[in-house]
Amino acid sequence: MNVKDKKVIITGAGAGIGAASAKLFAKHGAQVVCADLNIENAKAIAEEINAAGGKAVSFEVNVAKYEQVEAMIKFAVAEFGQLDVIVNNAGIGPRKLSKTAKHDLEDWDRVISVNQTGVFYCMKLALQQMVEQGHGNIVNIASLAGLKASGSNISYSASKFAVVGMTKSAAMEYGSKNIRINAVCPGYTQTNLFNQLITARPDIGELFKNLTPMKRFGEPMEIAEAVVWLASENTSFITGQTITLDGGLGL
Ligand SMILES: NC(=O)c1ccc[n+]([C@@H]2O[C@H](COP(=O)([O-])OP(=O)(O)OC[C@H]3O[C@@H](n4cnc5c(N)ncnc54)[C@H](O)[C@@H]3O)[C@@H](O)[C@H]2O)c1
């Protein structure tokens with residue numbers, strides 16, 4: 001995959017899909033800002049990349065805070081001179097799974113502020129830089145829950161449908177500016193977020209595995225492969241699309 005020397009920000013790079021993506025970008029010769037709320041984890045991933053001969057730096061960010069996202073974009077441009085790619089991956093789920101009538105208001109605000117508003121802030125500010133430099137590429141991490149119904153999970157569902165909508169609308173706006181914007185929609189993938197879900201509802205782990213045609217969950221690196229591919233020169237005519245990686249569950 002051709003991402004050599006690309007300057008990349010990945011939000012939520014301290015764990016899971018973001019960490020796998022950071023490592024894969026670096027393996028293919030990109031230079032990476034590992035941005036995360038958990039700076040210790042982000043630093044550890046950047047150190048691992050540098051120890052393996054890649055190039056990465058870390059940055060502490062809460063994507064739900066506009067000024068912090070602004071500082072992250074400025075940091076990347078100061079560090080690398082430009083911003084070729086941003087992967088908007090940071091995301092959370094509700095603390096409690098409950099049907100819509102009982103959905104916790106605090107959970108609604110938290111999930112929407114990180115998964116939806118956070119992606120909007122990152123897109124808005126990255127696009128300003130990308131328009132100015134004349135090129136760019138955005139990969140948003142949505143979810144199978146952004147394409148299909150998702151029970152007891154209304155805040156997450158709303159936020160991920162929004163990510164798909166923002167991806168398509170912005171791709172239409174910026175196609176003529178040499179900026180591509182796509183989304184990846186993972187199904188159940190073995191990360192901390194996923195472990196929280198099956199710890200809260202052990203019954204659904206086995207259920208979803210059985211419902212999945214491939215009879216297994218995804219690995220973070222399998223999702224990262226699609227992220228890096230969409231950000232690469234190999235996909236130069238793809239924009240406004242979603243790619244689902246779910247072992248067939250959505251079928
Ligand atoms: N794991 C799955 O099954 C699955 C399925 C579909 C979609 N996704 C999506 O993939 C993305 C990554 O999830 P994951 O499974 O790797 O989760 P994870 O919990 O393993 O990692 C998420 C990372 O994001 C960081 N983060 C959380 N809130 C943040 C904030 N406000 N600002 C900056 N960083 C923040 C966390 O510190 C963590 O390092 C999320 O958007 C998630 O919704 C995951």
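The values are calculated or read from the model by the stated rules, or taken from the named source; none is laboratory data. Note that the coordinates shown come from a computational prediction; the quantities given were computed from them, not determined experimentally. Cβ atoms come from the backbone with ideal geometry, glycine included; neighbour counts cover every protein chain shown. Areas reflect the complete protein model, heavy atoms only, side chains present, ligands, DNA and RNA absent. Shrake-Rupley method; radii C 1.70, N 1.55, O 1.52, S 1.80 Å.
Couple of notes before you dig in:
- Members of segment 117-147 that are within 13 Å of the ligand (Cβ to nearest atom), under 20 Å from Glu173 (Cβ atoms) and part of a loop (DSSP other than H, G, I, E, B): Ala142
- Considering residues of segment 94-109 that are open to solvent by less than 70 Å² (accessible area, probe 1.4 Å) and in contact with a helix residue (DSSP H, G or I) (Cβ under 8 Å, 6 or more places away or on another chain) only, the residue nearest to Ile181 (Cα to Cα): Pro94
- Of the residues Ser169, Ser155, the single one that is under 28 Å from Glu67 (Cβ atoms) and within 16 Å of the ligand (Cβ to nearest atom) is Ser155.
- For Ser150, the criteria (1) more than 12 Å from the ligand (Cβ to nearest atom); (2) under 22 Å from the mean Cα position of the chain (by Cα) hold in every case but one, which is (1).
- Unmet requirement for Lys124, which otherwise passes all of (1) closer than 24 Å to Lys7 by Cα; (2) crowded, with 18+ Cβ neighbours inside 10 Å: (2)
- The combined condition, being of a type in the set (Ser, Thr, Tyr), in a loop (DSSP other than H, G, I, E, B) and under 26 Å from Ala15 (Cα atoms), is fulfilled by Ser150.
- Looking only at segment 110-147, and only at residues there that are among the β-branched types (Val, Ile, Thr) and closer than 17 Å to Arg180 by Cβ, the one that is nearest to the chain's Cα centre (by Cα): Ile141
- From Gly218, Gly205, Gly187, residue being on the phi < 0 side of the Ramachandran plot, within 12 Å of the ligand (Cβ to nearest atom), of a type outside the set (Phe, Trp, Tyr) and in contact with a Pro (Cβ under 9 Å, 6 or more places away or on another chain): Gly218
- Residues of segment 78-93 that turn out to be within 13 Å of the ligand (Cβ to nearest atom) and surrounded by fewer than 20 Cβ atoms within 10 Å (Cβ to Cβ), as a count: 0
- Scanning segment 221-235 for residues that are away from the ligand (no atom under 13 Å from the Cβ) and closer than 13 Å to Val139 by Cα gives Glu225, Val228, Trp229, Leu230, Ala231, Ser232, Thr235.
- A Cβ distance below 7 Å, combined with a sequence gap of six or more or placement on separate chains, defines the contacts here; from segment 13-32, residues that are free of Cβ contacts under 8 Å to residues at least 60 places away in the same chain and within 18 Å of Ala76 (Cβ to Cβ) reach residues that are of a type in the set (Asp, Glu) and near the ligand (Cβ under 7 Å from one of its atoms) in the pairs Gly14/Asp36.
- Residue selected from segment 20-51 under the condition within 7 Å of the ligand (Cβ to nearest atom) and of a type in the set (A, V, I, L, M), by the criterion least open to solvent (accessible area, probe 1.4 Å): Ala35
- Subset of segment 52-75 [of a type outside the set (Phe, Trp, Tyr), more than 9 Å from the ligand (Cβ to nearest atom) and open to solvent by 30 Å² or more (accessible area, probe 1.4 Å)]: Ala52, Gly53, Lys55, Ser58, Glu67, Glu70, Ala71, Lys74
- For segment 1-19, taking the residues that are open to solvent by 20 Å² or more (accessible area, probe 1.4 Å), away from the ligand (no atom under 13 Å from the Cβ) and modelled with pLDDT of 95 or more, the one that is farthest from Glu67 (Cα to Cα) is identified as Asn2.
- Residues located in segment 143-152, provided they are open to solvent by 20 Å² or more (accessible area, probe 1.4 Å) and of a type outside the set (Ser, Thr, Tyr): Leu144, Leu147, Lys148, Ala149, Gly151
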